[in-house]
1. Using DSSP to define loop residues, name the GluC sites (Glu not before Pro) in segment 1-100 whose beta-carbon has at most 14 other beta-carbon atoms within 10 Å.
2. Give me the distance in nm between label points sitting 7 Å out from Cα along the Cα-to-Cβ direction at residue 102 and residue 21, one decimal.
3. Among 33, 22, 49, whose Cα lies farthest out toward the positive end of the dipole of segment 22-79, if unit charges sit on the beta carbon of Lys, Arg (+1) and Asp, Glu (-1)?
4. Once the piece of chain linking residue 35 and residue 118 is laid out straight, how much longer is it, given 0.36 nm per residue of separation minus the C-alpha distance between them?
5. Out of segment 15-120, which trypsin sites (Lys or Arg not before Pro) are coil in DSSP terms and have no more than 12 other C-beta atoms within 10 Å?
6. Please tell me which of these pairs span more than 21 angstrom C-alpha to C-alpha: 67/130; 67/88; 77/102?
7. Which whole-number value in Å² is the accessible area per residue of segment 65-138, probe 1.4 Å?
8. When the accessible area of segment 1-144 is split by element with a 1.4 Å probe, what percent falls to carbon and sulfur?
Amino acid sequence: KAGDISSVRAAINGGADVDTQNKNGSSPLMFAVHDGNVAMASELIDAGASVDIQNIEKLTALMLASKSKILVACLLKAGAKTDLVNAKGETALIFAAAVGEKECVLELIKSGAATQIRDQDGLTALDHAKRNGHSEIVAIIEAAQTRTARSGSAPRGARAASAGRKATADASRKRAAN
């Protein structure tokens, strides 16, 4: 029964695959997070559920959790990658900034989420926060960008995203040359 922890425990103990995906690619963890079910999400993570599965829209559990500090913290503690992008180029930070979830934005930035990633419309988390009138979020992101600029290095996630884009570009050039 969906949402029933004892049923989920029984299924897990019976050998159920905690990472099974439905026809849309969504996993049980994604459903638990979408429903805001912290206990169920924790149970699935404890059973070894992958926190970075992406469905057909490239959504992750962390993106779906962007309105819950508790779920964001739980997923980050379990090793969720902060800078995966969905089919629209959006990250968990963009989701949280767009809806004005201050505590989630703080957790994501503290965990190294890149503030400069742009979605398919060319907008960053800062742009979404400005567009939606979330002045506190704007101040948080600007402060994070100032700290990054002063330290002279990009956040961990920004370096990884940049390296990934470079590798993709290099591979494309290599294919074109052959």
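The values are calculated or read from the model by the stated rules, or taken from the named source; none is laboratory data. Computed from a predicted model, the values in this text were never measured in an experiment. Note that each Cβ is placed from the backbone with ideal geometry, even for glycine, and that neighbours are counted across all protein chains shown. Accessible surface is based on the protein model in full, side chains and every heavy atom, while ligands, DNA and RNA are left aside. Shrake-Rupley method; radii C 1.70, N 1.55, O 1.52, S 1.80 Å.
1. 57
2. Placing both labels 7 Å beyond Cα along the Cβ direction yields 3.7 nm.
3. 33
4. 27.1 nm
5. Of the trypsin sites (Lys or Arg not before Pro), the ones in loops of segment 15-120 whose Cβ has at most 12 other Cβ atoms within 10 Å are 23, 88.
6. The answer is none of them.
7. 45 Å²
8. So the carbon and sulfur contribution to the accessible surface is 49 percent.
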